[in-house]
1. Within the set of pairs 6+ apart or on separate chains, which have a first residue in region 45-65 that is in contact (Cβ under 8 Å) with a residue 12 or more places away in the chain, a second that is exposed (fewer than 12 other Cβ atoms within 10 Å of the Cβ) and of a type outside the set (S, T, N, Q), and C-beta atoms under 6 Å apart?
2. Within the set of pairs 6 or more residues apart or between chains, which connect a residue that is in contact (Cβ under 8 Å) with a residue 12 or more places away in the chain inside region 1-14 to a residue that is in a loop (DSSP other than H, G, I, E, B) with Cβ atoms less than 6 Å apart?
3. Just for region 7-43: of the residues that are among the polar types (S, T, N, Q) and part of a loop (DSSP other than H, G, I, E, B), which one is modelled with the highest pLDDT?
Amino acid sequence: MIGKHVRMKSLMNPKTGRTVIVAMDHGQIIGPAQGLENPLDAFRRVVRGRPDAILTTRGMVERGW
């Protein structure tokens, strides 16, 4: 349980104990979702919001990031 606790702690904001994680892996499952048709533009918009983590696929990173 210690490893899981360490990894989860790295995602949490130390001041609030909360986290914002954005899922951007929908295109692989259900096809391009509205707003995710252009992965590079979508990543840029999300990064500007400064989330704590972004969930995506390796393919989206290789093709768009």
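1. If the second residue must be exposed (fewer than 12 other Cβ atoms within 10 Å of the Cβ) and of a type outside the set (S, T, N, Q), the pairs left are Ala53/Ile21; Leu55/Ala23; Gly64/Leu40.
2. That search, which allows pairs on different chains as well, returns Leu11/Thr19; Leu11/Asp52; Met12/Thr19.
3. Step one: of region 7-43, the residues among the polar types (S, T, N, Q) are 10, 13, 16, 19, 28, 34, 38.
Add one more test, that the residue is part of a loop (DSSP other than H, G, I, E, B), and what stays is 13, 16, 19, 34, 38.
Values: Asn13: 85, Thr16: 88, Thr19: 91, Gln34: 75, Asn38: 78.
Among those residues, the one meeting the criterion is Thr19.
The values are calculated or read from the model by the stated rules, or taken from the named source; none is laboratory data. Predicted model only: the values in this text are computed from it and were never measured. A quick note on method: Cβ atoms are made from the backbone with ideal geometry, for glycine too, and the neighbour counts reach across all protein chains shown.
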